[in-house]
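Single-structure report; data block below.
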Amino acid sequence: MICRLLNTLLCTIAVLASGCSQKIQETVKEDFISLTSTQATIDHTAQSIEITVSSSESWTMETFDYDWVRVSAANGESGENVRFETAANYTGSAREAVFTFTAGTAEAAYSITQTSGDYQKLTGTVIGSKYSVDYNNGNAQSTSVNAKNNVFDGKYETFFASYDRSRTWVGLDLGERHIITKVGWSPRKDHQKRVELALFEGANKADFSDALPIHIVKEPGKNNTMEYAEVNCSRGFRYVRYVAPNDARCNLAELEFYGYIGEGDDSRLYQLTNLPTVVINTEGAEEITSKENELSSNVYIISEDGTNLLATSGTGVRGRGNASWDFPKKPYRLKFQSKQSPLGAPASAKKWTLISNYGDKSLMRNVLAFEVSRRVGLSYTPFCHPVDVIINGEYRGSYHLCDQVEAASGRVEAKDGYLIEIDAYAYKESSMFNSNRGIPVTIKHPDEDDITSAQHNFIRNYFNQMEAAAFASNYTDQTSGYRKYLDLDSFLKNFIVGEFAGNTDTYWSVYMYKDDSDGKLYTGPIWDYDLAFENDKRTYPINNLTDYIYAQRGSVASESVRSMVTRIVKNDTAAKQRLREIWAEARSEGGLDDLTDMVDEMEEMLEESQELNFKRWNILDQMVHENYQALGSYSKEVGTVRTYITKRLESLDNLIQK
C-alpha cells in the first residue's frame, strides 16, 4: 500500500514538474434516443398511431417502402411526435413494418404488426338492371333467361346478359352497411374483354345516387376463372354493384363480394389511379345530353390518395364546348351550389369545367399551354388539373378539371368591368356585337341576364374606338394611338403563348377584359389549346413555316383581326422591340427553355390514367379531330410534343428576331 501511494505521489510530481495539466474527472456526453412505445399490434381496420421521440439531438428515421403504412415525418427534434396511419380491410396473413430511429450513435426501433380480419363472402337480395336478353329467342327481352341471379349461382356456364347494351349493372342489397374488403368476378365464357373497365361501386341509397367507386377492372378476364381484388375503402355500404363497361351488355358469369358489418368512415376512399377521381351521379342516372339544361347531381372529388373528399349535392352538370361537344368523349361544366376550391385551386367559385382532350392524345397540351402562360407572365392563367371521371358508374376517361373563364375573384379580375371574347362563334350567342370592321365579339361579363343597354353600348363603343385607333394612320402614337385603349404587354404575351405553343386558333377565339370603365382592354386569359404543340393538320409542320402561324395558316374570327395583329407585331417598330424583350425574358427568366422537363413530369403523372383512357377511347391508331398523324402509342404522342417544343424555341426565336 505504501509503495502504491509513493508511486502515485511521484507521478503527480512528475506531471506538475513538466508543466502539463490533466483533468482529474471528465464528463462524457452519451447519445441517446427513446420512444414512448416500441411496438403496436392492430387489427384489419385503418388505424392512426402516434408516438413521441426523445433524443440527445436531432433524429432521423429509416423508412422502407411499406404501401400499407404512411408516416408523418422521417426526421425531427427531441419531443416531437410521429404519426403512423395504416390501411384498412387487410385480408392476408399477419404483416409487420419496422422503423429504425437514429440520433448520433443511438438507435431505437418501432414495429407495427397488423392482423387480418375475419371476412365472409356476403349474401343479400339480388338487384340490378331489370331485363336480360334471350339470345335463343331472337334477342328477346326477358326476366328469366340469362338473368341477373345467374351471377350468384356458382356456375361458370350460366351468365347475366342485360337487354340494354350500356348503363347496366348487377349487385346486392346487403340489408345493412358493410365494409367491403374484396370483390371477385368472372366473365361469360369467351367474353373476357367485356369485363375490362367494369366498375365496382358501393352506396347507401338504393338508387346509387351517393355511389362511390371501390374498384375498377383494368384487364380482360379469364374463362372459368374467378379473379379477385382487395378493396381499400373504409366507408361502409349497404348496396354494392358491378357496373358493366360501355357496350358490354354485362356478360358476367360470376360475382362475389366479401366484407364485414360496419358503418366505416371516410379516412380512406378509392381512387382509380394516382390522379384525383371525379364522380358524377346525376338525378335518376339521367344521361347528360344538353349544353343548356343542367342535371342536378351529386358530385364527389376524391384526392390525396383517397384521404380527401369533396362531397356536394345539387350540383348542376351540363355539356359545354363548341366542336368538342360533338365528339364521343364529351366535355362538361359543373356548377356547385356554393363556392368551392377543388384540388387546392386558387379561386373559390361555383363554376368549373371538365375538359375532355379527345383529340389531344398526349392528354397534356392544355396543361402545358397554361404553364407557358404563367412563364410568359400573363396576369391570370386558368387553374387546370388532370383527373379521372366517372359518370353514373361508368368510367369516362382522363379529363382536366379547370377554371371556368369568368370575371370573378381569383379568376379574371374584372367583376366591376367587362369580359369579352373575339369569337368566331359569337353569332350563336345572345349577348354579342359585330365591330365596325366586322369582328364578332361575345360579351361574357356582365352576364346576358344582367347586362344593361348602357353597358352593352359602352363596351361596344370602346371596342370600336380601340379598333379605329389600331387602323388609324397615327396608330403607333404612344398617347393617341391604339395604346390608349389596348394594353400592349398583355397583347404581346398572349401572342407569344399562341405562337410558341403552336395554336392554330389563337385569333379564332381571344379573351379580353376591361377592369373598370376607365381602364384599358387587356388580352387574356388563354384557353382551348388541345390542338397546339403540333397537333393540327392545318398548320403542320409548324416549324417549317416561314412566317408566324396567325399570318400564314392560322384561323381567325375575322380578317380584320389578322390585319390588326400584323399592324402591331410586324409594323409597329416599338411594339416589335417590346416583343423581343418579353420573349427574351420568358426564355431566360421565365423558364421556357426548360418546358420539356415538365413534359417528362406530366408523362409520368399521366401514365396510369392514359392506359385506362385509351382502353375506353381506342383512338391511338386513329386520326380524330384535326390530327395529322396516328402514332399508335402514348409515348410516341408525348414524343411529338417534346420534339416540337425543342424545335419551336429556335424557329420562333428566328421569327421574332427578324
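The values are calculated or read from the model by the stated rules, or taken from the named source; none is laboratory data. Note that the coordinates shown come from a computational prediction; the quantities given were computed from them, not determined experimentally. Neighbour counts are summed over all protein chains in view; Cβ atoms, including those assigned to glycine, are modelled from backbone coordinates with ideal geometry. SASA here: full protein model, heavy atoms, side chains in, ligands and nucleic acids out. Shrake-Rupley method; radii C 1.70, N 1.55, O 1.52, S 1.80 Å.
Among the lysines of the range 554-658, pairs at least eight places apart or on separate chains and with Cα atoms under 29 Å apart come to 7. Scoring 649-658, 598-607, 520-529 by mean Cβ neighbours within 10 Å over their residues and listing the highest first yields 520-529, 598-607, 649-658. For the range 362-401 and the range 226-283, what is the separation of their C-alpha centers, rounded to whole Å? So the two Cα centres are separated by 26 Å. Take the chain with all the other protein chains still there, run a 1.4 Å probe, and you get 44 Å² of accessible area per residue. Sorting 447-460, 221-234, 491-504 by average packing, meaning the other beta carbons within 10 Å per residue, from highest down gives 491-504, 221-234, 447-460. Taking the Cα centre of the range 105-184 as reference, the dipole from Cβ charges on Lys and Arg (+1) and Asp and Glu (-1) amounts to some 260 debye. Mean residue ellipticity at 222 nm, helices only, the chain: -6500 deg cm²/dmol; runs of at least 4 DSSP H residues each add -39,500 (n - 2.57), and the sum is divided by the number of residues. If I compute solvent accessible area with a 1.4 Å probe over the protein chains, what percent of it on the chain is carbon and sulfur? On the chain, the fraction of accessible area on carbon and sulfur atoms equals 44 percent. Measuring nothing but how far apart in sequence close Cα pairs (under 8 Å, 6+ apart) lie, relative to its length, the range 419-545 scores a relative contact order of 22 percent.
Its relative contact order, with pairs defined as Cα atoms under 8 Å and 6+ residues apart, puts the range 572-652 at 26 percent.
For the range 410-521, DSSP calls about 95 percent of its internal beta bridges antiparallel. Across the range 29-73, the mean sequence separation of Cα contacts (distance under 8 Å, 6 or more residues apart), normalised by length, yields a relative contact order of 44 percent. For the pair the range 69-111 / the range 121-161, the C-alpha centres are spaced 49 Å from each other. The HN-Hα couplings worked out from phi for the range 343-355 by the Karplus form 6.51 cos²θ - 1.76 cosθ + 1.60 (θ = phi - 60°) are 6, x, 4, x, 8, 9, 8, 8, 9, 9, 10, 10, 8 Hz, whole numbers, x standing for Gly and Pro.
When Lys and Arg each count +1 and Asp and Glu each count -1, what net charge do the other residues less than 15 Å away from Ala574, Cβ to Cβ, add up to?
Here the count lands on +2.
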